[in-house]
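Comments concern the structure below.
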Amino acid sequence: MNFDFTDEQKLLAESVRRFAQAELAEGALARAHDPRFPFDVAKLMSRQGLMGISLPEADGGQGGTLTDAVIAIEQVAAVCPRSADVVQFGNFGAIRTFAEYGTPQQKQRWLPRLLSGEAVMSLGMSEPEAGSAVTDLVTSARADGNGYVLNGTKVFSTFSPEAEVFLVYVRYGPGVGGIGSVLVERATKGFEIGPPQEFMSGEQWCELHFDDCRIPSDNVLLGPGGFKKQMSGFNVERLGNTARSLAFGRYCFERAREYAAERHQFGRPLAEFQGLQWKFADMAIKLESAQLLLYRAAANADKGLPSAYETAVAKAACNQTGFEVAHEAVQIMGAAGYSKSSLVEYCMRRCRGWMIAGGSVEMLKNRIAEHVFERRFDQRPPKAKPSEAAE
Ligand SMILES: Cc1cc2nc3c(=O)[nH]c(=O)nc-3n(C[C@H](O)[C@H](O)[C@H](O)COP(=O)(O)OP(=O)(O)OC[C@H]3O[C@@H](n4cnc5c(N)ncnc54)[C@H](O)[C@@H]3O)c2cc1C
């Protein structure tokens, strides 16, 4: 067992940190409070080789590993938390599922713009009546001539105010086997994008309405039966959200540590009060343990052994740790931490969202419990027995 980075990983971490300090440190606060996708940062990152780190070189990626992409998120977030969203988008977001299952023509059409930081893609999965119960989705794709006609509504999609193309989960037929996905361009007739609404984090999302929206067959990403593939892609995608939670927690830990060393009350630095020292000890324990779970999930996925259980454990631990540490950092920094002139309150708000997004902590714990008991727990109400149904 080896708990160290390889020499290449150390070099990568150093070079990304140098890049972030040189290019992203200035303006980090303003970026956090700007809801628009930072295309300028995306273009910079593309030139730096930070988009598509783990995508194949044939697709315009860097041919690296998921662990490399996790390292990039950590190093960028340590300097400019908001810019870590760009690493997420370019490496873990819908782009991964797209690169894995897209046809050569689809990839040729969209990947170059996505990887160069000129365009962004949004994932339309959640619906008003299908959140955690994603297989309840009703947005339909009906075959019609040489294309499909879409009807339905999607909610909460990150990047939807600016996305050029949307990866939309649709229903071709009944049951889980009837679910797949299509690609819809922003300007498609019958596709209406509602006004921006705001999360607690300041991020914006728009309702997506499909009203007899016709797309060509060439825009099918995954046909009926594609749901399992989508979910296995999504499982890896979760590692980006996991890495950002932890990295934001660590960012807050560092700011609180610096503050406690310098800020004096009652004639001594805050760091000398045992009540605060123990907070730091607890924060360090949480961060260190969640970090190992994240690296285990990423490293095993890189070895070709992705595990939904390991990812669920890592995401639940990092989501909780990120939020708890950020929350505690706000407390340690008092009004300075609670103020919008520090990024600590921003990180706390962002971490709160990741406990809901991409598999809520409760849904992850359901998955973990299934591993513990080696059986499936159906979340749906038991079906009435035939004798009861007849009554
Ligand atoms: C910041 C952010 C970004 C997002 N980005 C996107 C995006 O890009 N694309 C997209 O499609 N969606 C996105 N979402 C939506 C996200 O996928 C959903 O919020 C998530 O699936 C939960 O669905 P819901 O909010 O409808 O909550 P619900 O499913 O209604 O759940 C409400 C509460 O009940 C709990 N719960 C539900 N079922 C169970 C159960 N069986 N056992 C125990 N607890 C349960 C949940 O954990 C939650 O706490 C985003 C959400 C957030 C917060």
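The values are calculated or read from the model by the stated rules, or taken from the named source; none is laboratory data. These numbers were taken from a predicted model, which means no experiment stands behind them. Note: ideal-geometry Cβ built from the backbone for every residue, glycine included; neighbour counts use all protein chains shown. These accessible areas exclude ligands, DNA and RNA; they are computed on the full protein's heavy atoms, side chains included. Shrake-Rupley method; radii C 1.70, N 1.55, O 1.52, S 1.80 Å.
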So, in segment 296-307, of the ones that are open to solvent by 50 Å² or more (accessible area, probe 1.4 Å) and either hydroxyl-bearing (S, T, Y) or in a helix (DSSP H, G or I) (or both), which residue ends up farthest from K340 (Cα to Cα)? D302
Reported set for segment 136-178 where residues are among the basic types (K, R) and closer than 24 Å to F37 by Cβ is K154
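Checking the condition among the hydroxyl-bearing types (S, T, Y) and touching a strand residue (DSSP E or B) at 6+ places or on another chain (Cβ under 9 Å), which residue from S181, S245, S201, S289 passes?
On the way: S245 fails: touching a strand residue (DSSP E or B) at 6+ places or on another chain (Cβ under 9 Å); S201 fails: touching a strand residue (DSSP E or B) at 6+ places or on another chain (Cβ under 9 Å); S289 fails: touching a strand residue (DSSP E or B) at 6+ places or on another chain (Cβ under 9 Å).
Only one candidate passes the filter, namely S181.
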I need a count of the residues in segment 335-350 that are assigned to a helix (DSSP H, G or I) and out of contact with any Leu (no Cβ under 9 Å at 6 or more places or on another chain). 10
Can you pull out the residues in segment 239-287 that are open to solvent by 50 Å² or more (accessible area, probe 1.4 Å), hydrophobic (A, V, I, L, M, F, W, C) and either in contact (Cβ under 8 Å) with a residue 24 or more places away in the chain or not in a helix (DSSP H, G or I) (or both)? F266, F273
Across segment 337-356, the tally of residues that are open to solvent by 40 Å² or more (accessible area, probe 1.4 Å) and in contact with a Ser or Thr (Cβ under 8 Å, 6 or more places away or on another chain) stands at 1
Take segment 129-162 and flag every residue that is among the polar types (S, T, N, Q) and either near the ligand (Cβ under 9 Å from one of its atoms) or surrounded by fewer than 21 Cβ atoms within 10 Å (Cβ to Cβ) (or both). S132, T135, S140, N146, N151, T153, S157, T158, S160
So, in segment 308-329, exactly how many residues are open to solvent by 10 Å² or more (accessible area, probe 1.4 Å), under 16 Å from N366 (Cβ atoms) and not charged (D, E, K, R)? 5
Odd one out for E100 among (1) at pLDDT 95 or above; (2) of a type in the set (D, E); (3) closer than 18 Å to G233 by Cα: (1)
Quick check, is G322 assigned to a helix (DSSP H, G or I) and touching a Leu at 6+ places or on another chain (Cβ under 9 Å)? yes
I'm trying to understand the selection: among the residues of segment 111-128, which are open to solvent by 10 Å² or more (accessible area, probe 1.4 Å), more than 16 Å from the ligand (Cβ to nearest atom) and either farther than 17 Å from V86 by Cα or assigned to a helix (DSSP H, G or I) (or both)? P112, R113, L115
Any idea which residue in segment 31-42 is surrounded by the most Cβ atoms within 10 Å (Cβ to Cβ), counting only those that are more than 18 Å from W110 (Cα to Cα) and touching a helix residue (DSSP H, G or I) at 6+ places or on another chain (Cβ under 9 Å)? V41
Hey, V87 within 18 Å of the chain's Cα centre (by Cα), in a helix (DSSP H, G or I), touching a residue at least 24 places away in the same chain (Cβ under 8 Å) and under 26 Å from G353 (Cα atoms) or not: yes
Is it the case that R375 is at pLDDT 95 or above and not in a helix (DSSP H, G or I)? yes
State which residue is nearest to the ligand (Cβ to nearest atom) when the search covers only segment 172-200 and only residues that are among the polar types (S, T, N, Q) and surrounded by fewer than 19 Cβ atoms within 10 Å (Cβ to Cβ). Q197
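Looking only at helices (runs of 4 or more DSSP H) that lie completely in segment 1-77, which have at least 3 residues being more than 30 Å from P196 (Cβ to Cβ)? Don't jump to the end; show me each part of the working.
Values: elements: 7-23, 28-32, 39-47, 66-77.
Where helices (runs of 4 or more DSSP H) fall fully within segment 1-77 and carry at least 3 residues being more than 30 Å from P196 (Cβ to Cβ), they are 7-23, 66-77.
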Pairs where the first residue, in segment 43-60, is within 12 Å of L111 (Cα to Cα) and the second is basic (K, R) and modelled with pLDDT of 95 or more, C-beta under 9 Å, 6+ apart: D59/K107; G60/K107
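So is R375 more than 16 Å from the ligand (Cβ to nearest atom), free of Cβ contacts under 8 Å to residues at least 60 places away in the same chain and open to solvent by 90 Å² or more (accessible area, probe 1.4 Å) or not?
no
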Which residues, counting only those in segment 81-98, are more than 14 Å from the ligand (Cβ to nearest atom) and either open to solvent by 10 Å² or more (accessible area, probe 1.4 Å) or touching a Ser or Thr at 6+ places or on another chain (Cβ under 8 Å) (or both)? G90, N91
